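FYI, it's all coordinate maths here, none of it is from the lab. Bear in mind the structure is a predicted one, so any value in this text is a computation, not a measurement. Cβ coordinates were reconstructed from backbone atoms using ideal geometry, including for glycine residues, and neighbour counts include every protein chain displayed.
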Amino acid sequence: MKDTVYVLGGEQTDFQRNWTKEGKTFMSMFREAVQDGLEKVGLTPEEIKKLNKQNRIGVFVGNFDAEQYATQGHMGAFLTEVDPCFYGVPSARYEAACASGSVALDAAQTKLRSKDYDVAIVVGLEIMKTVSSSVGGDFLGTAAYYEKEAQGVQFPFPKLFGKLADVILERYKLEEKRFMGALAEISKINYANAKRNPKAQTRSWFMNREHADARGGAFNMAVGGRLCITDCSQVTDGAALVVLANKNYAEEFAKKKGKKLSAYPKIKGWGHRVAPITFEAKVAESKGEKWILPWTRQTVKDAYDRADLNTKDIDVFETHDCFTSSEYAAISAFGITQPGKEHEAIEDGVIAFDGKKPINTSGGLIGAGHPVGASGVRMMLDLYKQVTDTAGDYQIGGAKNGLMLNIGGSATTNYVFILGK
């Protein structure tokens, strides 16, 4: 029988920081994230050594492209540079573009469910401000089919998700002004939510609906078809850490902390699906389907089925708003509306911070930031905060279950986790 996986806590770096300007490298970020995260959870070097002697702990590192951004591979081995307590601890790097953090989470939970380990430390990180935006855009293009979709294209991903906006408009026969207004409202909501988050990249930035609506001018330039700067997630330096444990260890850990096991949330459901890698193939294959991205919808459904839950049971969502068009499509994938009706949930305030189904209370990738390899882990951390009532100023009331959607490429790799008590 498979074991239950609990989240014991975690921490993230301040996503507003520019580590290169501070004269620091990825290793400084790695060290700070791990040390602060383990201290926050209360997992000591002595405990790590004890678990390691019994081969009951592993480390799982999510990272997309350190080879290009930091001229460094073999990221899993760098735990040994954080603290000698990691000498001998099994550790490896996991990659699936923007879903790299979720692949690391999945590998970690698999080891715990199979009872191979008692504890798994999951770290996601990306340092991105080491290069210009145009060079970074080319690096990110390798998350698509580079030769066919990104080579020689400036900022390929805004253009790919601009095409998603085009397909949504065409397939569901939407009124363009209303649809673009819905995208602007998504941007406004996520920036507003980020102002409540003390570690969000854009917490001190100015953004309102008028700015988001003013497309194509000097202050909101077009970057991909109908999409403009306000529709885009950020280029971010950042790392996040969460600690997972099986039921027996979580019970022991809770006792040591003077808590009950019920104080810690568990992963109730998960889903993982991979779609055709090119956006063109996705659109062609989904003709006649209700959802433009049926693989994303199926991933959500898989998680609901494993958790024996559905949309009505989810109190808060963290989604992959790499662009406003991706969040728009996620609304129906979650089951909040039918496909083609997503704008209604946006206009009616359903997904707002104080709405019935709030999305990206943290600010999401647009507001909080998007250090590519860290985003999946950061999403899990924010679900943990919500369901344990520790999110501070961005806490919503009575959150029992949270769902996260993390995608890689143009919704090629799809991951969903449901966390709850």
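Table for the structure above
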{"read-out": "Overall dimensions of the stretch 1-147 as given by Cα atoms, namely Rg and Dmax in Å", "value": "16.0, 50"}
{"read-out": "Exposure proxy order (Cβ contacts within 10 Å, fewest to most) of Tyr304, Tyr145", "value": "Tyr145, Tyr304"}
{"read-out": "Convex hull of the stretch 150-233 built on C-alpha atoms - directionally averaged projected area, nm²", "value": "6.4 nm²"}
{"read-out": "The chain, helix-only ellipticity at 222 nm - DSSP H runs n ≥ 4, -39,500 (n - 2.57), divided by all residues, nearest 500", "value": "-11000 deg cm²/dmol"}
{"read-out": "Expected-Rg normalisation [2.2 N^0.38 Å, Cα atoms] applied to the stretch 116-180", "value": "1.66"}
{"read-out": "Per DSSP, loop GluC sites (Glu not before Pro) in the stretch 1-46 with at most 14 further Cβ within 10 Å", "value": "Glu22"}
{"read-out": "For the stretch 342-421 versus the stretch 171-185, the gap between their alpha-carbon centres in whole angstrom", "value": "22 Å"}
{"read-out": "Highest average packing first - 75-81, 379-385, 151-157, 123-129, Cβ atoms within 10 Å", "value": "123-129, 379-385, 75-81, 151-157"}
{"read-out": "Gyration tensor verdict on the stretch 164-318 (Cα atoms; rounded if a/c is under 1.5, prolate if a/b is larger than b/c, oblate otherwise)", "value": "oblate"}
{"read-out": "The stretch 7-92 - percent relative contact order, Cα under 8 Å, separation 6 or more", "value": "30 percent"}
{"read-out": "Gaussian network model of the chain, springs between alpha carbon atoms under 10 Å - residue of Gly269, Gly402, Gly373 with greatest fluctuation", "value": "Gly269"}
{"read-out": "Taking the chain and dividing mean pair separation by its residue count, relative contact order in percent (alpha carbons under 8 Å, at least six apart)", "value": "25 percent"}
{"read-out": "Cβ-based net charge around Asp393, under 14 Å, with every Lys or Arg adding one and every Asp or Glu removing one", "value": "+2"}
{"read-out": "Pair-distance profile P(r), taking every C-alpha pair of the chain, with 10 angstrom steps and integer %", "value": "5, 24, 35, 25, 9, 2, 0"}
{"read-out": "Links that overshoot a 31 Å alpha carbon limit, given the list Lys177/Lys356; Lys159/Lys268; Lys195/Lys356; Lys24/Lys256; Lys177/Lys385", "value": "Lys159/Lys268; Lys24/Lys256; Lys177/Lys385"}
{"read-out": "12 Å beta-carbon shell around Gly76, net charge (K/R +1, D/E -1)", "value": "-1"}
{"read-out": "Reachable aspartates and glutamates from Lys53, criterion Cα separation under 13 angstrom, eight or more residues apart if same chain", "value": "Asp118"}
{"read-out": "Gyration tensor verdict on the stretch 315-367 (Cα atoms; rounded if a/c is under 1.5, prolate if a/b is larger than b/c, oblate otherwise)", "value": "oblate"}
{"read-out": "Cα centroid of the stretch 254-314 to Cα centroid of the stretch 28-86, whole Å", "value": "27 Å"}
{"read-out": "Gained length - Glu47 relative to Ala281, 0.36 nm times residue gap less alpha-carbon distance", "value": "79.4 nm"}
{"read-out": "Fewest-first ranking of Asp237, Asp65, using other Cβ atoms within 10 Å as the exposure measure", "value": "Asp65, Asp237"}
{"read-out": "Cα gyration tensor shape of the stretch 343-388, rounded if a/c is under 1.5, else prolate or oblate by comparing a/b with b/c", "value": "oblate"}
{"read-out": "For the stretch 272-421, convex hull of alpha carbons as volume per residue, Å³", "value": "101 Å³"}
{"read-out": "Cα pair distances exceeding 15 angstrom across the stretch 104-149, given as percent", "value": "63 percent"}
{"read-out": "Order by protection proxy (mean Cβ within 10 Å, highest first), peptides 343-354, 211-222", "value": "343-354, 211-222"}
